[in-house]
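This report concerns only the one structure given below.
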Amino acid sequence: MPKLKQNSRKSTWLSLLGLVAACLALNNLGIFFNGALGLPFYLDNIGTILAALLGGYIPCITVGFLTNLVAAITNPDSIYYCIISVFIAVAAVAFVRKLRLIRFPHVIWAVLTFAFIGGVVGGMLTCFIYGMNFGEGVAVDFAASIDKTVPMGYFFSNLLSVFLIDIVDKTIVTALSLLIYKLLPHKLIGYLGRQDWYLVRIFEESNRKIRGRMSLRHKSTLLVAVSTTLVAASAIGIAVVQYHHTTISEYTYNAEYAASVIANSIDPDRIESFLRDGERAPDYIAAESVLQTVSDASPEIQFIYVYQIREDGTHVVFDLNTKDVEGDDPGQVIEYDDTIKKYSKLFMEGKDIPVDITNDENGWLLSVYKPVKDKNGNALCYVGVDISMSHLHADEVSFIAKVISIFLGVLILIRTYAAWMSERHIVRPVNVIADAANHFVYDTPQSREESLKMIDELGICTGDEIEYLYDAYKRTTSDTVRYINEVEEKSEQIVRLQNGLVFVLANMVESRDKCTGDHVLKTALYCEIILRQMKKDGIYAEELTDEFISEVIHSAPLHDIGKIKVSDTILNKPGKLTDEEFKIMQSHTTAGGEIIDKVVDTVGKESEYLTEAKNLATYHHEKWNGKGYPKGLKGKEIPLSARIMAVADVFDALVSRRSYKEPFSVDEAFEIIRRDSGTHFDPLIVQAFLNDEEEVRRVQELNMEL
């Protein structure tokens, strides 16, 4: 049964921190050399793979996550790739058993898996982060060459490019990791392997099967996974929504500010001349230059215009040529667009216009309108600024990719440590207590003491309710064992007393018959010989349980208890009995059964012991062929214990001296038993009796000496 490892907390955390620090240093050393040599690789997974080889999930995922966190100090974008490093860490532990063997096919599969994660998955993340753009560098140039050779488009050529480059990168880091692992002392590797944070699988299978139920390990793992996933999903959702609203608010502010600047720069007294004369009107060009300056200052501005809204349509005051779109001429009357049509009444009343967002042939636009008012506060026209939001989708995809990559990395890290803490402080302690209970042996005093020692050596020290449960279980089992020992001792005393009384009682009955001598003792011994041999030979194996054998042996002395009702005259008659006397003698069988029945009535409950005592007393003179007494039972109708006693009783009678005969020799007695097999006796019982002839002779000779 597995025991709970109890390392000191200080030693556990120091060993973990030491391994993480060393492997993290290796990753950053690889990054440094890659930059110093100007290589098109990363070399940032040497320590991650080594951590997997030495310590499993806990240090490996920690190193993978922290590598990008440290790199973000000098390159902030590195933090977005922590999820890639974490995925590589998970894959490294999945391959760790095969990597340690350094078999070429396994190493190749591991390298290809690492390269797929780093190149393909990492490349797609790059594309999303930078708005469907892979940026610049050797990988992009290589992708262009690939696309020229085998046309496959910008996206797929870049993915293939980074995958091929990453194969070289992951081959180098895997080879270096395995080399360092093989050079490390075996003592250090063994020490790290004994730490309780060492997990090759986070979801280790339980050694016990729970039918139709989920194990505690899986429940705790699922709880952590679901809760952290829900928290992460909620946080990501809130962040994305907040980003969207913040961006819209920022666009609105910029548009309103631009519209206000333009509205304040236009002289309301010039509006009519601007409408009538256009560029020929005084100050028109100057006012238009303000619009152009504002447009150039903000790349998000798609259109800037100044309109006067009347019943007959939209009168153009200014319509700036922006973003290669030709504007309308001053004074021109155009139809209402959707926004103006929607708010035409407000426009003509000179009121404030709400911010409007449209998505039509002009694109996804946010429109803001500010009135140009005269000195009396009347709105003469409106300045309109349209902000293009077409790149908002790309920005949101980039933002989501960044947030998810960071959150997933943190999520897996938290999930790993939560699974470890749950395993260490809940699952394993509960499992070892359950194992101890399951393997507790109550059979003998020695096995009970060993089981108590096993429980005591578990040494669960969680400092919480589980430790309290463990202490309570230890006390309970100790008290139970002490009680069992006391009960067994008293039971043994009662059994010895019972057997002694039975033997004394049987001897008292037999002592009335001056010819039977030690018949009680010898028949019990012969029965025991037959029973042991039958069990050895597999005869009547289903009936011959240890309990049955014990009951028959101990109740055997009572087989002639009914003789207490037979007179001494008949018991000790020197000659042959008359028919009437023989009938009285035969009645000792039914009398014995009646005596046992009275005992049962007195006790109030029939036991196996009394059942076999009654069977022996009542039926030991029945014969296999049905010609015995008192019931004339035959074959297996006769209880098994009585069939055994029949052989033992007759054999002892044959070799013993009686008032009416001289003893037969042992050989003659064996021959008679053999001859009556199948008529008087059960053939299988005779077979067992004869199979242990040597032990029968020993008992017979011993009793003759006594």
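All of the numbers you see were taken from the coordinates with simple rules; none came from a lab. This structure is a prediction, so every number in the text was calculated from the model and none was measured. All Cβ positions, glycine included, derive from the backbone under ideal geometry; neighbour counts span all protein chains shown.
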Taking only the Cα atoms of the range 9-201, how large is their convex hull per residue, in Å³? 119 Å³
Sum of side-chain charges, N133 neighbourhood, beta-carbon under 14 Å (Lys, Arg +1; Asp, Glu -1): -3
Straight-line reach check, K148, cutoff 20 Å on alpha carbons, 8 or more apart in-chain or any other chain, hits among aspartates and glutamates -> E136
May I ask you to derive the FRET efficiency for T12 and L684 from their Cβ-Cβ distance with R0 = 56 Å, giving the value to the nearest 0.05? 0.30
Entries in K522/K631; K474/K536; K522/K627; K522/K565; K573/K636 that, when Cα-Cα distance is taken, lie over 32 Å: K474/K536; K573/K636
Of all chymotrypsin sites (Phe, Trp or Tyr not before Pro) in the range 601-706, which ones are in loop regions per DSSP and have a Cβ with at most 15 other Cβ atoms within 10 Å? Y660
Partner lysines for K219 [C-alpha distance under 25 Å; skip if fewer than 8 residues away on the same chain]: K3, K5, K209
Add -39500 (n - 2.57) for each DSSP H run of 4 or more in the chain, then divide by its residues: what number comes out at 222 nm, to the nearest 500 deg cm²/dmol? -20500 deg cm²/dmol
Give or take rounding to whole Å, what are the principal axis extents of the alpha carbon atoms in the range 512-705, in descending order? 45, 44, 33
Could you work out the pair-distance distribution P(r) of the range 243-395 from its alpha-carbon pairs, with 5 angstrom bin width and percents rounded to whole numbers? 2, 10, 19, 24, 22, 14, 6, 2, 1, 0
Give the order of T679, T126 when sorted by the count of other beta carbons within 10 angstrom, beginning with the fewest. T679, T126
For Kirkwood radius over Cα pairs in Å, the choices are [x] 36.3; [y] 28.2; [z] 27.1; which was calculated from the structure? [x]
Segment K583-N362, extension gain: residue separation times 0.36 nm, minus the distance between their alpha carbons: 66.9 nm
Distance between modelled label sites at L222 and T590, nm, 7 Å Cα→Cβ extension: 7.0 nm
Local net charge near V107, Cβ-Cβ under 11 Å (Lys/Arg +1, Asp/Glu -1): +4
Which aspartates and glutamates, on any chain, are close to K98 with Cα under 19 Å apart, when same-chain ones fewer than 8 places away are left out? E204
Per-selection Rg to Rh, the range 440-489 - Cα, Kirkwood hydrodynamic radius: 1.04
Between A541 and E279, what length comes free when the chain is fully extended (0.36 nm per residue of separation minus the Cα-Cα distance, one decimal in nm)? 82.3 nm
